[in-house]
1. When Y42 is evaluated against the numbered criteria (1) touching an Asp or Glu at 6+ places or on another chain (Cβ under 8 Å); (2) crowded, with 21+ Cβ neighbours inside 10 Å, which criterion, by number, is the only one it fails?
2. Considering segment 378-390 alone, what residues qualify as being in contact (Cβ under 8 Å) with a residue 40 or more places away in the chain and out of contact with any strand residue (DSSP E or B) (no Cβ under 7 Å at 6 or more places or on another chain)?
3. Considering K99, K80, K129, K124, which residue is modelled with pLDDT under 95 and either of a type in the set (K, R) or in the same structural domain as F20 (by TED's automatic domain parsing) (or both)?
4. Evaluate segment 225-237: report whether one residue or more is over 25 Å from the mean Cα position of the chain (by Cα) and among the charged types (D, E, K, R).
5. How about segment 408-418: which of its residues are buried (at least 18 other Cβ atoms within 10 Å of the Cβ) and either free of Cβ contacts under 8 Å to residues at least 60 places away in the same chain or among the charged types (D, E, K, R) (or both)?
6. In segment 1-15, which residue that is closer than 11 Å to A27 by Cα and either in contact with an Asp or Glu (Cβ under 7 Å, 6 or more places away or on another chain) or not hydrophobic (A, V, I, L, M, F, W, C) (or both) is surrounded by the most Cβ atoms within 10 Å (Cβ to Cβ)?
7. Is there a residue being in contact with a Lys or Arg (Cβ under 7 Å, 6 or more places away or on another chain) and exposed (fewer than 14 other Cβ atoms within 10 Å of the Cβ) anywhere in segment 59-80?
Amino acid sequence: MDITDRWAVNKTGDLQYAFFNGVGYNAWENIWGIWNQVPGRYAEAIRRIRMIYRQFPDVWSSAEWEPHYPVVQQGVFASKFPGKGQTVYTFVNRDSTQKTGLQMEIPYKKGVKYYDLWNGAVLKPKKAKDIISLSFNMEGNGYGAVLELKDAKQEKDLLPFLVKMHNRAKVPLNSLPANSQTIQQQIIPIAKTKAVQTAPEGMIAVPAIANYHFETNGVMIEGDNLPNEVGVQYTWETHPQRAHSKTMPVVGFYIDRYPVTNRQFKQFMLATNYQPKDKHNFLKDWENGAYPAGWDKKPVTWVSIEDARAYAAWAGKRLPHEWEWQYAAQGSDGRLYPWGKNRDTTLIPPADTTRAMREPANVDAYPKGASLFGVMDLTGNVWQWTDEYVDEHTRSAILKGGSYYHAQTSGWYFPQAQELNKYAKYLLMSPGMDRSANIGFRCVVDRN
């Protein structure tokens with residue numbers, strides 16, 4: 001058994017609960033791609049607790065466990081874990097002030113020795129009649145552990161452990177940092193294409209704009225406890241965050257009128273004989289290298305961001321940055337949908353809420369849903385790949401446009417983002433795991 005509070009920065013309560021009850025603790029740092037590093041203070045507490053647990057592995061499942069064993073000082077709580085020839089007492093100090101001196105009084109037992117496990121020291125009990133007193137120190141919000149040893153044969157194995165704990169105790173836990181550490185993200189650069197003066201076939205010209213107000217918000221439902229960790233970090237920001245706003249210039253470019261279709265991707269496959277290194281789930285709805293009949297105009301799916309980049313490179317194109325995609329869909333008036341400010345379900349494919357997901361719509365099925373620039377099929381059909389971000393531990397991609405599939409069970413795992421000013425952060429694991437029946441892409445070309 002173990003416990004955790006994944007979003008907590010201060011781990012004191014959880015660690016004391018675990019140590020008091022003799023159970024494990026799950027140090028969950030990478031929370032679905034959101035980094036919540038265990039601060040040094042709590043990491044060291046975990047190491048010391050682990051050392052005690054491993055030194056005495058049998059006592060924690062004792063049928064004679066006695067929680068709330070009597071102690072002397074207010075704010076201190078103890079548990080008794082009897083074992084064969086030995087008993088371990090765990091202590092937690094729930095007060096923020098240090099507790100020194102007398103901590104517990106217990107019945108005298110002949111031939112028994114006592115050790116301060118947390119501080120790595122031999123205890124010298126004081127006897128008065130049939131009661132002995134044990135004194136040791138505990139930090140504010142700290143821990144303690146005492147061993148009652150009846151079997152002298154076990155003492156030899158104990159001494160090296162005490163030395164290790166003594167050395168660790170030289171550094172007070174409260175001297176170590178307790179704050180969360182934000183880690184920086186970097187955007188994966190997207191190389192410019194060869195700039196052209198006229199729109200390539202099937203592409204729409206998007207004019208330059210000097211002051212585009214780019215505003216976007218992540219739809220991740222958790223992580224509010226860590227506002228400097230959740231979301232992504234754009235190049236102009238100092239830390240990851242959920243909500244973003246910047247007035248920025250956008251140079252002109254050309255963008256595909258429609259998402260890349262199965263027919264177009266088939267042409268790429270025939271021309272290049274492209275085979276990804278990780279073939280798992282690649283073009284999963286195709287059979288023997290062919291897409292289903294009648295799917296010529298449906299957006300190609302079951303392609304990873306690497307597959308999409310390979311197609312784009314072959315076509316002399318690239319994937320769009322998120323702000324390019326959003327500007328092409330939104331124009332300069334901040335509208336929420338390509339057609340205007342109000343949601344209109346007649347301009348996008350109907351939602352699929354079944355367990356058997358149907359195929360996506362043709363990319364030209366809803367021409368009235370076009371943007372001001374004439375770009376089609378931007379929202380409500382399939383998600384579309386844009387930028388990728390990395391940090392020391394994870395990779396993630398920004399998906400735009402939402403999809404027609406609306407999961408009804410645990411839909412909170414991946415909320416919809418059909419509004420243009422929203423994005424989904426998609427944790428990247430491997431190409432095979434990243435491919436989805438609900439993710440496609442479109443490309444851009446740079447302008448002179």
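The values are calculated or read from the model by the stated rules, or taken from the named source; none is laboratory data. Small disclaimer: the values here were computed from a predicted structure and weren't measured. Neighbour counts run over all protein chains shown; Cβ positions are idealised from the backbone, glycine included.
1. Every listed condition holds for Y42 apart from (1).
2. Of everything in segment 378-390, just one residue is in contact (Cβ under 8 Å) with a residue 40 or more places away in the chain and out of contact with any strand residue (DSSP E or B) (no Cβ under 7 Å at 6 or more places or on another chain), namely L378.
3. Answer to the selection: K129.
4. Scanning segment 225-237, I find no residue that is over 25 Å from the mean Cα position of the chain (by Cα) and among the charged types (D, E, K, R), so the answer is no.
5. F414
6. That would be K11.
7. no
Residue-wise test of (1) touching a His at 6+ places or on another chain (Cβ under 6 Å); (2) over 27 Å from K11 (Cα atoms); (3) free of Cβ contacts under 8 Å to residues at least 60 places away in the same chain.
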residue	(1), (2), (3)
H68	no, no, yes
S79	no, no, yes
G83	no, yes, yes
V92	no, no, no
K110	no, yes, yes
